[in-house]
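Inspection log for the structure reproduced underneath, given as C-alpha cells.
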Amino acid sequence: MTEHVEQRIEVDGPYFEDFTHGQVFEAPSVTLTSGFAALHQAFFGERLRLPLDAELCRAVTGSDAIASPGLVSNVAIGQTTYPTQRVKGNLFYRGVVLQRPSYIGDTLRTRTEVVALKQNRPKPGRPASGLVVLDMTVTNQRGETVLHFWRCPMIPCRDPEAVTGHADSFDAIPAELDMNAVRSAVPADWNLSVFRERVPGVHFADVPESTTYVLNARDTVTCAPELVRMTLNMAFTHADPGASTYGKRLVYGGHTISMAGAHLSRVLPNLLTVVGWRHCNHTAPVFEGDVLRTEATVVAKHPIATGGGLVELAVSVFAERGPEAPSKDRDVQVLDWQLIGAMA
C-alpha cells in the first residue's frame, strides 16, 4: 500500500530578488457597483455632488451614476498590490491622471508592469531592500484607459545580505504631469453651465488664488482594514500587525488620501472631480484611531475651453495621536499631496 504524503505549499508575496524587468502582473477585474460606492461613502463621507446627486449628474454628464475618483483610485491601487504584498513604504506616485470618468457599472482592469529596479545602499544593521518602479494602466470594459500612473514601492530582499546588482536610473519616469492629458480628462460634452446654474456658491471663477483654507472639522481614522479588503489590497502591513515595522497595522496610504479628499469636498463644496496628482508624499505613518485635520492652499488656476477650469491644490494633512503619544507625534504631518481638481 502506497503511503500518502501530504503536500504543503506556502503562498507568499514576492521579495525584491523575485522581480525582473518587463514582468507583468494582473489582478481580478472589478465591476464598480452601488455597493462599492455606498461602502466608500460610509468610510469617508465625501461630499462631491456628482456622485451623490443622480439628477444633477445626469444633467451635467449625461449619466446618473458617476463613480467617486477616490473609489476609482483605491480600486486601481488595490489591483496593483500582488507584487507589493511585502511593501515597506512607497517612495512616490508619479503621473497620476484620471484620463476619463468612471461610472457605476464599469468594470476596471489593471495591468502592472515592472519598469525599473534599484537596490538600496546597504546600511549597517539594516536588511537589504530595493525599489521597484511599477507602471500601471487601468482600463474599462471598452478597453479605454481610465487611469495611468507609476508608483515606486520599497520591497525587502529575501536574503538580508543580498547584492542584486540592480541599479536602474529613474530619470525616465516623468516627474511632471502631462497637462494636455489633464485638461482632456474633463469631458468636452459635460454641461458645466448647468452645474453653475443649479448649484449656488463658489465656482471656478470665484476661487481666490494664493489662499489657504484651514478646515476646523477633523475626522478619526476608522475601517482601515475594511477598505483594504474591499479594494483587494494585498499588502501584509495593512492587515497583519506582525508584518509592520511599527508593531501595529499601518493604515493604507490611499485611506489617508481619501480622507483628505473628503475634507476637500468641504473646503470647496463645488469641486466636480479630481483629475490628477502632481505628487503625493506620505511623510509619516498613519494608524487606526488617529484624528486627521487638513489644510489646502490654492496654488494655481487653469481655465479650460468648455468653461470652468482646473484648480491646483497643495494639501497638508496632520494627525493627532492622542495624549499617550510622545509630544513630537501629537500633531505630525502625514500627507503632502498636490492635486488638480476640476470646477465649473
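Points worth noting:
- Helix-derived mean residue ellipticity, 222 nm - over the chain, DSSP H n ≥ 4, -39500 (n - 2.57), to 500: -5500 deg cm²/dmol
- For the chain, a crude dipole built from +1 on the beta carbon of Lys and Arg and -1 on the beta carbon of Asp and Glu, taken about the Cα centre, is about 500 debye to the nearest 20.
- Neighbourhood net charge (15 Å Cβ-Cβ; Lys/Arg +1, Asp/Glu -1) for C223: -3
- Number of Lys-Lys pairs in the chain with C-alpha atoms under 22 Å apart and a separation of 8 or more places or on different chains: 4.
- Compared with the dominant Cα axis of the chain, that is its longest principal axis, helix 69-79 is turned about 20°.
- Considering the range 93-146, its Cα convex hull presents a mean projected area of 5.3 nm².
- Candidate values [x] 224; [y] 177; [z] 124, label of the one derived for volume of the Cα convex hull per residue in Å³: [y]
- For the range 152-163, 3J(HN,Hα) per residue [Karplus equation, 6.51 cos²θ - 1.76 cosθ + 1.60, θ = phi - 60°, Hz, x = Gly/Pro]: 10, x, 9, 10, x, 7, 5, 8, x, 10, 4, 10
- Ligands, DNA and RNA left out, the 1.4 Å accessible surface of the chain is 50% carbon and sulfur atoms.
- Heavy-atom accessible surface of the range 187-344, averaged per residue, reaches 41 Å², computed with a 1.4 Å probe.
- Nearest-ten-degree value, helix 34-44 long axis tilted from longest Cα axis of the chain: 90
- Cut-off under 5 Å, modelled amide H: who pairs with L108 long-range: V30, T31, L32
- Taking amide H atoms as placed 1.01 Å from N in the peptide plane, the amide H of Y93 lies under 5 Å from those of C280, each 5 or more residues away in sequence or on another chain.
- Built from the Cα atoms of the range 117-179, the convex hull projects on average onto 6.1 nm², one quarter of its surface area.
- Whole-Å distance, taken between Cα centres, linking the range 133-155 and the range 288-303: 24
- For I66, distant residues with modelled amide H under 5 Å away: I104
- Pair Y82, M179: separation of 7 Å Cα→Cβ label points (nm): 3.9
The values are calculated or read from the model by the stated rules, or taken from the named source; none is laboratory data. Here the structure is a predicted model, which means the values were calculated and not measured. Every residue, glycine among them, receives a Cβ derived from its backbone with ideal geometry; neighbour counts consider all protein chains shown. Side chains included, ligands, DNA and RNA excluded: accessible areas come from the protein's heavy atoms. Shrake-Rupley method; radii C 1.70, N 1.55, O 1.52, S 1.80 Å.
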